[in-house]
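Structure first, then comments.
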Amino acid sequence: MKILVTAKRVEDPESKIKVKPDGSGIVQEGLKYKINPFDEIGVEEGLRLVAKHQGEVVVVSIGGKEVQEQLRHALAMGAHRAVWVNHTGPLDQLGIAGLLQKVVEKEKPDMVILGKQSIDDDQNQVGQYLAEFLGWGQATFASKVESLESEQEKNKVPALVVGADGKTVRVVREVDNGLATLECQLPAIVTTDLRLNQPRYASLPGIMKAKSKPIEELTPAKLGVDVTPAIQVLKMSAPPARKAGIKVADVPALVEKLHNEAKVV
Amino acid sequence: MPIVLIIAEQQPDGHLRKATFNAIGAGKQLADKAGGELHVALVGKDPGKVADELKGYGAKAVHVGAAPELEHYLAETYAPALATLAQELKADYVGMASTAQGKDLMPRLAARLRAAMATDVMAFNGGGADVTFSRPMWAGNVFAEVKLTTPVKVFTLRATEFTAAQGGQGAAEVKTFTPKVEASKTKFVDFKEVKSARPELTEARVVVSGGRGTKGDFKEIEALADELGAAVGASRAVCDAGWVPNDLQVGQTGKVVAPALYIAAGISGAIQHLAGMKSSKTIVAINKDPEAPIFQVADYGIVADLFKVLPELRAELGKLK
Ligand SMILES: Cc1cc2nc3c(=O)[nH]c(=O)nc-3n(C[C@@H](O)[C@H](O)[C@H](O)COP(=O)(O)OP(=O)(O)OC[C@H]3O[C@@H](n4cnc5c(N)ncnc54)[C@H](O)[C@@H]3O)c2cc1C
Ligand SMILES: Cc1cc2nc3c(=O)[nH]c(=O)nc-3n(C[C@H](O)[C@H](O)[C@H](O)COP(=O)(O)OP(=O)(O)OC[C@H]3O[C@@H](n4cnc5c(N)ncnc54)[C@H](O)[C@@H]3O)c2cc1C
């Protein structure tokens, strides 16, 4: 199986995000960057699938030269090779999915695994756009029935179940009020949710090996995609702050406040 | 005249999802701002039965498309069915509530319409042809004002930010249309519902949430929820451990709630959790650690063991009756 996994560079989820006073963006100083956590889950699932079914995991990222760090991270986890679409400047979903479509047409994977959302822009769109552009089936918010504390998880069993004939994949999805199961014909698009797996750490030998793994460089021009964005971020602002409240001494004091002051009970 | 099309959602049991009415309320706001007209669409195997329920909410027309292939929701079959309707109506704006279905479907529909899309829209600004969308980024640490420059603009709506449309606003015309049916490469296998007698998390007036501090023992959380007629919520840590169903996760990557009262017990208050509950009217935090960040957003905090506080709170509340 050939699995293509996307890897976006995002701010570390632990970082404190502040808006610049002029509203043109966020303060970059002091920020650390990581692979989008959902994409790391995607890399892990890809690795488990090829451990079971053979094949290779190809990781792709779009961005300036700094995104090579995230590609190296995925390679250190065990991905086999990387594709870097070199582009600086804003992109929207139409642009990103357009570029990924060309990469997919070139690589012809059996499955593309993306994160359900980037934790910076929080759009939750790219996988679905890509599925439509390719005319493929989609299974978003992939999860599993077993918990992250289960035996299956400890044994790194892939949660995505490929059919015996290798032509389909079964995906359990996190949806409102429960879990839905879909069966997609391959090739298909899968987007990851948090409970799909617990990604492995990159080992020291993994990190060493990653240094010599190939990263192929492409550009929007080479791929023939116009990436002029159709989304303009006009202004950013800090959300209205919530006033810190008070600490109450005991439960009767709390109930008194809730009843007489907040009037919610 | 600009046309705003809002997609209604049926739950697996056939009922309309409540967030649909918040989305219709939002659609009405947008139509007023843009100087346009509101339309509502509903597709499915046999949506006619509930379509009538959508009549009195201020839309010009309710468009109903039925086809046997649309029995189970799939983005692949719903997107073409709705795209042809949007094209026939020449819709300028196409929106839906940010439910799991909305998030799955709308980007695929947008791609088909070659439209740019804004997720989790909280407000519309400007007017006429220059309506802009306000939406959260970075777990709600940033509010962005965005403009979509494609002819058709697609969005999902954060239901907690829009009041539900009220009924009794005249009767919209119910029009049937024949949805475009395309073969799907995906098959619905099953849906395992997490049944609960408690109110739905995103719709409840009161939510009682537990975190890792519960160590997986949710008995007291549930008992308090039942005393208050509340929904139960959880932090990611709790869902990851498999202690409660995944769809109870509140936060950036889970559900967004804004109840009148949110009680967080044994939850530290990570930014990703706050992103899903910060708009609650009143927040109560119960935590052993006086430095826990949850206290920074709580109206009332108690520094104590949740296993002592919760039963006592339940007993005290019982006395109010
Ligand atoms: C300061 C700032 C300004 C911006 N200004 C603009 C602007 O003017 N115009 C504009 O159109 N956009 C702008 N953007 C947003 C844009 O760059 C988004 O990253 C893009 O629209 C994709 O959205 P998303 O990451 O939320 O996608 P999502 O749909 O949330 O991402 C889902 C998945 O898609 C994949 N993916 C997404 N992006 C990449 C990538 N680059 N490489 C590899 N995989 C990826 C990942 O697997 C990810 O998990 C701006 C962003 C920032 C931070
Ligand atoms: C990509 C990504 C997405 C995420 N999305 C979400 C999301 O949507 N929702 C979400 O919630 N999290 C999310 N998280 C996780 C988040 O960062 C935190 O790790 C998580 O919210 C912590 O859960 P918690 O507060 O229950 O646990 P902890 O942070 O471990 O806090 C437990 C708290 O319980 C207190 N405590 C312990 N025992 C007791 C007791 N007996 N009585 C009272 N208090 C006690 C402790 O003092 C502590 O403050 C996400 C993280 C990432 C990286």
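Filtered by the rule that a residue be more than 21 Å from the chain's Cα centre (by Cα), within 8 Å of ligand 2 (Cβ to nearest atom) and open to solvent by 10 Å² or more (accessible area, probe 1.4 Å), the stretch B:227-244 gives a lone residue, B:Ala237.
Please go through the stretch A:122-138 and give me each residue that is at the interface with chain B (Cβ under 7 Å from one of its Cβ atoms) and buried (at least 24 other Cβ atoms within 10 Å of the Cβ), ordered by number.
A:Asn124, A:Gln125, A:Gln128, A:Tyr129, A:Ala131, A:Glu132, A:Gly137, A:Gln138
Residues that are away from chain A (no Cβ under 14 Å) and within 26 Å of A:Ile189 (Cβ to Cβ) were ranked within the stretch B:53-83; the one that is surrounded by the most Cβ atoms within 10 Å (Cβ to Cβ) is B:Gly65. If you go through the stretch B:97-135 and keep only what is open to solvent by 10 Å² or more (accessible area, probe 1.4 Å) and under 19 Å from A:Val10 (Cβ atoms), you end up with B:Lys103, B:Asp120.
The residues listed here are B:Gln249, B:Gln272; of these, the one that is within 14 Å of ligand 2 (Cβ to nearest atom), open to solvent by less than 40 Å² (accessible area, probe 1.4 Å), within 11 Å of chain A (Cβ to nearest Cβ) and not hydrophobic (A, V, I, L, M, F, W, C) is B:Gln249.
From B:Asp32, B:Asp13, which residue is under 22 Å from B:Ala159 (Cβ atoms), open to solvent by 10 Å² or more (accessible area, probe 1.4 Å), assigned to a helix (DSSP H, G or I) and not aromatic (Phe, Trp, Tyr)?
B:Asp32
Quick check: is even one residue across the stretch B:8-27 of a type outside the set (S, T, N, Q) and more than 26 Å from B:Val256 (Cα to Cα)? Within the stretch B:8-27 (the criterion being of a type outside the set (S, T, N, Q) and more than 26 Å from B:Val256 (Cα to Cα)), the answer is no, since none of the residues qualifies. The residues on offer are A:Val169, A:Val248, A:Val265, A:Val233, and the sole one that is more than 30 Å from B:Pro293 (Cβ to Cβ) and either among the β-branched types (Val, Ile, Thr) or within 8 Å of chain B (Cβ to nearest Cβ) (or both) is A:Val169. Which of the residues belonging to the stretch B:188-199 are open to solvent by less than 90 Å² (accessible area, probe 1.4 Å) and either part of a strand (DSSP E or B) or among the polar types (S, T, N, Q) (or both)? Within the stretch B:188-199, B:Phe188, B:Val189, B:Asp190, B:Phe191, B:Ser196 qualify.
State whether one or more residues within the stretch A:245-254 are at pLDDT 95 or above, more than 16 Å from ligand 2 (Cβ to nearest atom), of a type in the set (Val, Ile, Thr) and open to solvent by 20 Å² or more (accessible area, probe 1.4 Å). Within the stretch A:245-254, one or more residues are at pLDDT 95 or above, more than 16 Å from ligand 2 (Cβ to nearest atom), of a type in the set (Val, Ile, Thr) and open to solvent by 20 Å² or more (accessible area, probe 1.4 Å).
When the criteria are applied in full, B:Thr202 meets the requirement of being in a loop (DSSP other than H, G, I, E, B), closer than 25 Å to B:Pro107 by Cβ and within 14 Å of another protein chain (Cβ to nearest Cβ). When A:Glu40, A:Glu69 are checked against the criterion of being within 13 Å of A:Arg9 (Cα to Cα), buried (at least 21 other Cβ atoms within 10 Å of the Cβ) and within 15 Å of ligand 1 (Cβ to nearest atom), A:Glu40 stands alone in meeting it. For the condition of a type outside the set (A, V, I, L, M, F, W, C), crowded, with 24+ Cβ neighbours inside 10 Å and touching a strand residue (DSSP E or B) at 6+ places or on another chain (Cβ under 6 Å), A:Gly46 qualifies.
Of the strands (runs of 3 or more DSSP E) lying entirely inside the stretch A:145-231, those containing at least 1 residues that are open to solvent by 70 Å² or more (accessible area, probe 1.4 Å) are A:168-175, A:178-185, A:215-218. Put simply, of A:Lys32, A:Lys116, A:Lys8 the only residue that is modelled with pLDDT of 95 or more, within 16 Å of ligand 2 (Cβ to nearest atom), among the basic types (Lys, Arg) and exposed (fewer than 15 other Cβ atoms within 10 Å of the Cβ) is A:Lys32. Among the residues of the stretch A:78-111, the one identified as more than 10 Å from ligand 1 (Cβ to nearest atom), buried (at least 24 other Cβ atoms within 10 Å of the Cβ) and not in a strand (DSSP E or B) is A:Ala79.
Reported count of residues in the stretch B:141-187, each being within 13 Å of chain A (Cβ to nearest Cβ), open to solvent by 60 Å² or more (accessible area, probe 1.4 Å) and in contact (Cβ under 8 Å) with a residue 24 or more places away in the chain, is 4. Residues that are in a helix (DSSP H, G or I) and over 14 Å from B:Gln10 (Cα atoms) within the stretch B:52-74 comprise B:Pro68, B:Glu69, listed in sequence order. Does the stretch B:262-284 contain any residue that is within 19 Å of B:Ala19 (Cβ to Cβ), more than 16 Å from ligand 1 (Cβ to nearest atom) and touching a Leu at 6+ places or on another chain (Cβ under 9 Å)? Yes: one or more hits. I need the full set of residues from the stretch B:284-309 which are open to solvent by 50 Å² or more (accessible area, probe 1.4 Å), more than 7 Å from chain A (Cβ to nearest Cβ) and more than 6 Å from ligand 2 (Cβ to nearest atom), in order please. Residues satisfying the conditions are B:Pro290, B:Glu291, B:Pro293, B:Lys308.
Pick from the stretch B:90-116 the residues that are basic (Lys, Arg) and in a loop (DSSP other than H, G, I, E, B): which of them is farthest from the other protein chains (Cβ to nearest Cβ)?
Here the answer is B:Lys90.
Being closer than 25 Å to A:Phe141 by Cβ and assigned to a strand (DSSP E or B) is the requirement here; does B:Thr119 meet it? Criteria met by B:Thr119. Condition test on A:Lys52, is it outside any helix (DSSP H, G or I), open to solvent by 30 Å² or more (accessible area, probe 1.4 Å) and either touching a residue at least 40 places away in the same chain (Cβ under 8 Å) or within 21 Å of A:Thr191 (Cβ to Cβ) (or both)? It is false that A:Lys52 is outside any helix (DSSP H, G or I), open to solvent by 30 Å² or more (accessible area, probe 1.4 Å) and either touching a residue at least 40 places away in the same chain (Cβ under 8 Å) or within 21 Å of A:Thr191 (Cβ to Cβ) (or both). Residues that are within 11 Å of another protein chain (Cβ to nearest Cβ), modelled with pLDDT of 95 or more and in contact with a strand residue (DSSP E or B) (Cβ under 6 Å, 6 or more places away or on another chain) occur in the stretch A:144-152; there is at least one.
The values are calculated or read from the model by the stated rules, or taken from the named source; none is laboratory data. The structure presented is a predicted model; accordingly, all values stated were derived computationally and were not measured. Note that we place each Cβ from the backbone using ideal geometry, even for glycine, and neighbour counts take in every protein chain shown. Quick note on the areas: whole protein, heavy atoms, side chains included, nothing else; ligands and nucleic acids left out. Shrake-Rupley method; radii C 1.70, N 1.55, O 1.52, S 1.80 Å.
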